[in-house]
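Notes to accompany the following structure.
Coordinate-derived values only; no laboratory data. Remember, predicted model here, so these are calculated numbers, not experimental data. Cβ atoms come from the backbone with ideal geometry, glycine included; neighbour counts cover every protein chain shown.
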Amino acid sequence: MNCSEEETPTFLKFHVRRQIPDMRIKLFGHTELQVHSSILKEHSDFFFKFLDSPEKIESEDSEWKYDWVSEVEDDGEWHLVAKQNMQLRLAENVLGDENADTQTRAFCFILNAMYRVTTAIQPRALEAIVKLADYYLCLPIISYHISACMWTNSNLLARKISEEPEHFIELAYTLRNKTLFRECAIHIAGHMKFQQPEPHGLIFYDGTFPGVTNPKILEVLKTMRERVTSQLLQTQMNVLISCARDPDYLKILSTPIPDDITIPAYYRGLARDHRLQGLIERLMENHLVFNVNSLFEAGRLGSVGADHFYCGTLDDEELPWDVNETDGISEVSLPSPSKKRRLE
């Protein structure tokens, strides 16, 4: 059973053939999850270590082999602990309804990943999902599951990525998810913000990527942006050479340009002429995976793509991590179950 998209679940029982759940998890006093410890141990280094920790205090009054509950710290952070290990001083701490809903959905998504249950990705919960996966040391299975579930609501996910690519690219980096990372990078590297102050002409790139601070990500974006810019310059050179050879082309280029036109829109307009289309088609290529119903089109005025090119490319070997890693992102020191490790 997976989590409902319409409402936060209050009871979920996961099923494995010929096994009965031996672990109960209660979240924020309103959701009960019945799961199999073997599944959690298989996919989470955290649960592998702490479910049967030598320091474990045995519960004498529980019908469950493992009975865990959420515990909210004074700073609003939360984690799971064995019920018998709860701190009394934290018993009254609660999360706000909206945050509790997001955290519940995020944890349910993690369980669905471990049980290989396809479920829709809610973009607003993705940050919480990544943070929990990082804490419970199960990033590989979560990254795999996100890739498997991306198409369940790809339109919504694509829109959110286009609105905040700098935010989502950091999550993709933590997940080591190349599809999500590449999608974000294409949006960022192809964004043609510009000003047109007279008499200095057109300024379309100042060499920075606001909102991105990770140096490894910045290096990749720089490479991609250079490719987009190189393709732009090559296209312009091809157009100018063609004009020099055939005066008829000059009639096209002499068409008045609106002051507020964007660079992608300018070239999209040129491409409407069949004589120039072949010269411009590579610049207007779209390498986005999530582009259902042509939501993103370079230079289409009145759309998200009005000031974007989507021709950026990035090979697997150029990703800011070793794509041959399997469990590498889980090979970190295990945190104490009573203190959350924060995303770096």
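Computed on the chain, with alpha-carbon pairs under 8 angstrom and 6+ residues apart, the relative contact order is 15 percent. Of all DSSP bridge pairs formed entirely within region 11-152, close to 60 percent run antiparallel. By the helix-only formula, in which each DSSP H run with n ≥ 4 contributes -39500 (n - 2.57) and the sum is divided by residues, the chain has a 222 nm mean residue ellipticity of -12000 deg cm²/dmol. Neighbour counts of C-beta atoms inside 10 Å place Val72, Val292 in the sequence Val292, Val72, starting with the fewest. Spin-label model, Glu226 to Val292: label points 7 Å out along the Cα-to-beta-carbon direction sit 3.7 nm apart. Contact order for region 11-152, expressed relative to its length and based on alpha carbon pairs under 8 Å spaced 6+ residues apart, stands at 21 percent. Only helices reaching 20 angstrom along their own axis (Cα) with mean Kyte-Doolittle hydropathy no lower than 0.0 count here, and for the DSSP H runs of the chain these are 215-245. Take every DSSP beta bridge whose two residues both sit in the chain, then give the antiparallel share in percent to the nearest 5. Taking every DSSP beta bridge within the chain, about 60 percent pair in antiparallel fashion. Per-residue Cβ neighbour counts within 10 Å put Tyr135, Tyr266 in the sequence Tyr266, Tyr135, beginning with the fewest. Considering only Ser53, Gln234, His274, the residue lying farthest towards the positive end of the dipole of the chain is His274, judged by Cα position with unit charges set on Cβ.
Simple point charges give the picture: +1 on the Cβ of Lys and Arg, -1 on the Cβ of Asp and Glu, and for the chain a dipole about the Cα centre of about 820 debye.
In plain terms, the chain from Glu163 to Trp321 could stretch by 54.4 nm, reckoned as 0.36 nm per residue minus the Cα-Cα distance.
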